[in-house]
């Protein structure tokens, strides 16, 4: 908000001041219209017209300014002009270019929704690629890394049964056995007799396995921090809040 309002002159930032009849620059009827500071999320009415939904809140500052003529207040041309004059701090990415092309094929497609989905998917693929690169440095694949993660989260003595591990990781018992064989061969886990059932075994994270897992997490965290450095602390909080809303909606629909 502060950055957007900075584009206005000091007099233009004067909000909620009473408008006098016949004031220069205001069309008929505007002076009588109440333009007091507005609360709530609903767009206000100006000259009997409802303003467009989705207009950034900072526009209300401009609309309440005495320096905008009434014949522009409700026009789509004004909204378009406002958006053009708002400073843009980001350059178009490849998703923007893709959406620009697909819009001609599917003109009714909601490009805002498509942009959200495509960007989340693109970021996910790129982050997974960096994770694969990190894990290769430690001789691990994604499933083995997840097995170390599950054992680490279990708390001392960092044990679990092969059955519970395969369930958590959504692997067949055979695939889980192959992963555990590799991890044990690398000295990252060890199999021990189950104290409660001698016919079964438990899988325990070794000291070497715990150290390897922590080092891999640290390296990956540094890479992710470099990507997230594009956002300031406030933007990170805002993005997390918005992503949380989307995640909660998915979780509600899955139940």
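The values are calculated or read from the model by the stated rules, or taken from the named source; none is laboratory data. What you see is a predicted model; the values in this text were computed from it and never measured. All Cβ positions, even for glycine, are placed from backbone atoms using ideal geometry, and neighbour counts span all protein chains on display.
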With the structure loaded, tell me whether residue 113 is under 23 Å from the mean Cα position of the chain (by Cα) and either loosely packed, with under 11 Cβ neighbours inside 10 Å or assigned by TED's automatic domain parsing to the domain that holds residue 226 (or both) or whether it fails that test.
yes
Cβ-Cβ distance below 8 Å, separation of 6 or more or different chains: which pairs start in region 122-147 with a residue that is in contact (Cβ under 8 Å) with a residue 24 or more places away in the chain and end on one that is surrounded by 12 or more Cβ atoms within 10 Å (Cβ to Cβ) and in a loop (DSSP other than H, G, I, E, B)?
135/141; 139/186; 143/171; 144/188
Criterion first (free of Cβ contacts under 8 Å to residues at least 60 places away in the same chain, over 23 Å from residue 208 (Cα atoms), assigned to a loop (DSSP other than H, G, I, E, B) and in the same structural domain as residue 198 (by TED's automatic domain parsing)) does residue 171 satisfy it?
yes
Of 87, 107, which residue is at pLDDT below 90, farther than 19 Å from residue 231 by Cα and assigned to a loop (DSSP other than H, G, I, E, B)?
107
